[in-house]
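Asks: Encoded as structure tokens, here's the structure I'll be asking about.
The values are calculated or read from the model by the stated rules, or taken from the named source; none is laboratory data. Values in this document were obtained by computation on a predicted structure and should not be read as measured data. No Cβ is skipped: glycine too gets one built from the backbone with ideal geometry, and neighbour counts run over all protein chains shown. With ligands, DNA and RNA removed, areas are computed over all heavy atoms of the protein, side chains included. Shrake-Rupley method; radii C 1.70, N 1.55, O 1.52, S 1.80 Å.
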Amino acid sequence: MTKPYQRPSGDEPAWWFICSAGELILTEHALPPHGRKDDLPLPDIDEYQVVWLGELRERSCYLVVADLNDDAFAALGDFSSLRALIDAQDDELFMMAARAKQVTEFLTTHRYCGRCGTRMQAVDWELAMQCHACQHRCYPRISPCIIVAIRKGDQILLARGERHRPGLYSVLAGFVEAGENLEQTVAREVMEEAGIKVKNVQYLCSQPWPFPNSLMMGFTAEWAEGDLHFDPFELEDGGWYRFDALPDIPQQGTIANKLIHAVKKQIDRESGAGD
Ligand SMILES: [Zn+2]
């Protein structure tokens, strides 16, 4: 089995995820660098923390944890936001980049033990940090979130928070709290944010969302009762929208977009069946 800290050989063609503080190096083609270590203008990577992340299109993917101010990688490209990769509509690549970003976040925030303060060391056979003084072991943190598209007849509930870019409306989302199951999170978040009850909650799909470490679990649901009352601390505007009059919605490649289209398909199917 491949281990997280196996070293890349010089002649192995690989993808290079060079990450720092939430950004990664992208080439002029908006891709992570790809090629043999010996052929690329890489610095001596033995000086860096390197982690084998997995395979993308039958090539190894290596994470190199860099410093944003380090210009040793400048010949390869520029540090860029992962959001650039959502535009590329390449799910596999985005998910590997998400993994690279989250592993970087993990390694750079677990240098010391949270229990006793001793310097931690990487476990060599799995991706974990170990404190040899008190045996506390940490794994990359993943924060589960629900995201839910709610319909009422032929309308969908969309709302916007202050953090959304101007004009953008999306479906509701929120973090799972300790001790909650996903069904409870959906019911609580929808009630807290929009003041309504929902029924027929169905799981649809999930997406890692590395800003910084969410796992979005996507549901569809139907309005059951109540009038909309938005929580002003979370949402500044929203309402029920028909599909022929949608505002700006999240771009393709996001789970929000996928859920909105799933609801549209449900409505289309029903209206088709009624013809
Ligand atoms: Zn400790």
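Asks: Pairs needed: first member in segment 1-25, within 16 Å of residue 85 (Cβ to Cβ); second member anywhere, of a type in the set (Asp, Glu) and not in a loop (DSSP other than H, G, I, E, B); C-beta distance under 7 Å; at least 6 residues apart or different chains.
Replies: 25/78
Asks: Right, next: Take the residues in segment 136-156 that are in contact with a Gly (Cβ under 9 Å, 6 or more places away or on another chain) and within 15 Å of the ligand (Cβ to nearest atom); name whichever of them is farthest from residue 67 (Cα to Cα).
Replies: Selected residue: 136.
Asks: Right, another one. Kindly evaluate residue 81 against the criterion of being surrounded by fewer than 16 Cβ atoms within 10 Å (Cβ to Cβ), more than 16 Å from the ligand (Cβ to nearest atom) and without any contact (Cβ under 8 Å) to a residue 60 or more places away in the chain.
Replies: The answer is yes for residue 81.
Asks: Name the residues in segment 248-266 that are surrounded by 15 or more Cβ atoms within 10 Å (Cβ to Cβ) and in contact with a helix residue (DSSP H, G or I) (Cβ under 7 Å, 6 or more places away or on another chain), would you?
Replies: 249, 250, 253, 254, 264
Asks: Residue pairs, Cβ under 8 Å, 6 or more apart or interchain, first in segment 222-247 and open to solvent by less than 60 Å² (accessible area, probe 1.4 Å), second of a type in the set (S, T, N, Q). List them.
Replies: 240/155; 241/155
Asks: Continuing with this model, one more query. Which of (1) farther than 24 Å from residue 215 by Cα; (2) open to solvent by less than 10 Å² (accessible area, probe 1.4 Å); (3) outside any strand (DSSP E or B) is the odd one out, the single condition residue 14 does not satisfy?
Replies: Status for residue 14: all satisfied but (3).
Asks: Got a sec? Which strands (runs of 3 or more DSSP E) wholly within segment 179-275 have at least 1 residues that are in contact with a Gly (Cβ under 7 Å, 6 or more places away or on another chain)?
Replies: Details: elements: 197-209, 214-225, 237-242.
Strands (runs of 3 or more DSSP E) meeting the threshold: 197-209.
Asks: A further question on this structure: Looking at 133, 159, can you tell me which residue is outside the structural domain of residue 84 (by TED's automatic domain parsing), at pLDDT 95 or above, within 16 Å of the ligand (Cβ to nearest atom) and farther than 21 Å from residue 98 by Cβ?
Replies: 133
Asks: Looking only at segment 29-61, which residues are out of contact with any helix residue (DSSP H, G or I) (no Cβ under 8 Å at 6 or more places or on another chain), open to solvent by less than 20 Å² (accessible area, probe 1.4 Å) and under 21 Å from residue 3 (Cα atoms)?
Replies: Once the filter is applied, which keeps residues that are out of contact with any helix residue (DSSP H, G or I) (no Cβ under 8 Å at 6 or more places or on another chain), open to solvent by less than 20 Å² (accessible area, probe 1.4 Å) and under 21 Å from residue 3 (Cα atoms), segment 29-61 yields 35, 45, 50, 60.
Asks: Still on this model: Can residue 137 be described as within 30 Å of residue 18 (Cα to Cα) and surrounded by fewer than 19 Cβ atoms within 10 Å (Cβ to Cβ)?
Replies: The answer is yes for residue 137.
Asks: Among the numbered conditions (1) open to solvent by less than 30 Å² (accessible area, probe 1.4 Å); (2) of a type outside the set (Asp, Glu); (3) away from the ligand (no atom under 16 Å from the Cβ); (4) out of contact with any Cys (no Cβ under 8 Å at 6 or more places or on another chain), tell me where residue 174 comes up short.
Replies: (4)
Asks: Another one. What pairs come out if I take residues in segment 44-70 that are more than 15 Å from residue 99 (Cβ to Cβ) and pair them with residues that are open to solvent by 40 Å² or more (accessible area, probe 1.4 Å) and among the aromatic types (Phe, Trp, Tyr) whose C-beta lies under 7 Å away, six or more apart or interchain?
Replies: 66/48; 68/79
Asks: Considering (1) assigned to a loop (DSSP other than H, G, I, E, B); (2) out of contact with any Ser or Thr (no Cβ under 6 Å at 6 or more places or on another chain), say which one residue 133 fails and leave the rest.
Replies: (2) is the only condition that residue 133 fails.
Asks: Between a residue in segment 126-143 that is over 15 Å from residue 107 (Cβ atoms) and any residue that is within 16 Å of the ligand (Cβ to nearest atom) and in a loop (DSSP other than H, G, I, E, B), which pairs come within a Cβ distance under 6 Å, given they are 6 or more apart or on different chains?
Replies: Between residues of segment 126-143 that are over 15 Å from residue 107 (Cβ atoms) and residues that are within 16 Å of the ligand (Cβ to nearest atom) and in a loop (DSSP other than H, G, I, E, B), the close pairs are 133/116; 133/118; 134/115; 134/116; 136/113; 136/115.
Asks: May I pose another question? In this structure, does residue 237 turn out to be of a type outside the set (Lys, Arg), at pLDDT below 95 and out of contact with any strand residue (DSSP E or B) (no Cβ under 6 Å at 6 or more places or on another chain)? Even if it seems obvious, please write down each step before you answer.
Replies: On the way: of a type outside the set (Lys, Arg): yes; at pLDDT below 95: yes; out of contact with any strand residue (DSSP E or B) (no Cβ under 6 Å at 6 or more places or on another chain): no.
The answer is no for residue 237.
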